[in-house]
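Student: Take a look at this one; I'll ask things after.
The values are calculated or read from the model by the stated rules, or taken from the named source; none is laboratory data. Being a predicted model, the structure only gives us computed values, none of them experimental. Heads up, the Cβs are rebuilt from the backbone with ideal geometry, glycines too, and the neighbour counts pull from every protein chain shown. When the accessible area is computed, the model is the full protein with side chains, heavy atoms only, and any ligands, DNA or RNA have been set aside. Shrake-Rupley method; radii C 1.70, N 1.55, O 1.52, S 1.80 Å.
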Amino acid sequence: MKTVIVHGQSHEGSTCHIARMLAEKIGGETTEFFLPRDFGEFCCGCVRCFKESEAKCPHYEKLAVITRAIDEADVIILASPVYVYHATGAMKAFLDHYGWRWMVHRPEERMFGKQGVCISTAAGGGMKSADRDMADSLFYWGVAKIYQYGIGIAAVDWDGASEKKKRRIERATGSLAAKIRKRQGGVKPGLRSRGFFWMMHLMQRNGWNEADTRYWKEKGWTGKERPWKQSRAERG
């Protein structure tokens, strides 16, 4: 099993420790990226990714390494500490670059066979809204199963967290890893995801944006083909 972790910060704090703990319990191969160290560009709003091609984005090549790792992974972990009740600006800037991959535009079919995890920590609160910042993108990418885990550490770093809190995290990540391993190879999108895809299917049949409509027709999604079936076929 392959796991990719995208950290919403460049330091190895509590969120980083928890994400690594989960990946270790899942097992297999893990690839990590730290923002903004590994990618720190802001979307410039040129909309060329929508109107023409994602390759027209001025940051496309810089992002390509992370994109490939996400595409090849079975599990995507987005991990961010809470900054003012939301995910970090670095995480937001990173996710902004994948607007073209939302189901309303040109989703990647492999996403529909993947599992995703959103992890957030704070000294106090804000984990729910921070996780939601990241979960929104995973859902609209088409990721089949999404988990959210947030916890108040009551400390500003991992060393300051109590042993009781760390044991609680150990149990939670162990339980989550077991669910992920159990579903590996058999995960498929839920009703909400398939329902949203159906609405996009109808929209693309009528045409909206030339680049998107052409993509959907080439995939066969304006007809009877569905990405989650294609994803399973590719996995054998």
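Student: Filtering segment 147-163 down to residues that are open to solvent by 50 Å² or more (accessible area, probe 1.4 Å) and outside any helix (DSSP H, G or I), which residue is farthest from residue 15 (Cα to Cα)?
Tutor: Checking each candidate, the answer is 162.
Student: Same structure, new question: Report whether or not residue 38 is modelled with pLDDT of 95 or more, open to solvent by 50 Å² or more (accessible area, probe 1.4 Å) and charged (D, E, K, R).
Tutor: Yes, satisfied.
Listed here are the residues, each with its yes/no results for (1) under 24 Å from the mean Cα position of the chain (by Cα); (2) part of a helix (DSSP H, G or I); (3) free of Cβ contacts under 8 Å to residues at least 12 places away in the same chain.
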site: 165; (1), (2), (3): no, yes, no
site: 171; (1), (2), (3): yes, yes, yes
site: 176; (1), (2), (3): yes, yes, no
site: 181; (1), (2), (3): yes, yes, no
site: 188; (1), (2), (3): yes, no, no
site: 197; (1), (2), (3): yes, yes, no
site: 202; (1), (2), (3): no, yes, yes
site: 208; (1), (2), (3): no, no, yes
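Student: Give segment 216-230 a look and list any residue that's modelled with pLDDT under 95 and either of a type in the set (Ser, Thr, Tyr) or under 14 Å from residue 199 (Cβ atoms) (or both), or say none.
Tutor: none
Student: From the list 179, 166, which residue is of a type outside the set (Val, Ile, Thr), touching a helix residue (DSSP H, G or I) at 6+ places or on another chain (Cβ under 9 Å), open to solvent by 30 Å² or more (accessible area, probe 1.4 Å) and at pLDDT 95 or above?
Tutor: 166
Student: Filter segment 119-162 down to the residues that are modelled with pLDDT of 95 or more and acidic (Asp, Glu) and list them by number.
Tutor: Within segment 119-162, 131, 133, 136 meet the criteria.
Student: Say we look at segment 120-144 and pick out the residues that are in a strand (DSSP E or B) and in contact with a helix residue (DSSP H, G or I) (Cβ under 6 Å, 6 or more places away or on another chain); which of these is surrounded by the most Cβ atoms within 10 Å (Cβ to Cβ)?
Tutor: Looking at residues that are in a strand (DSSP E or B) and in contact with a helix residue (DSSP H, G or I) (Cβ under 6 Å, 6 or more places away or on another chain), I get 120.
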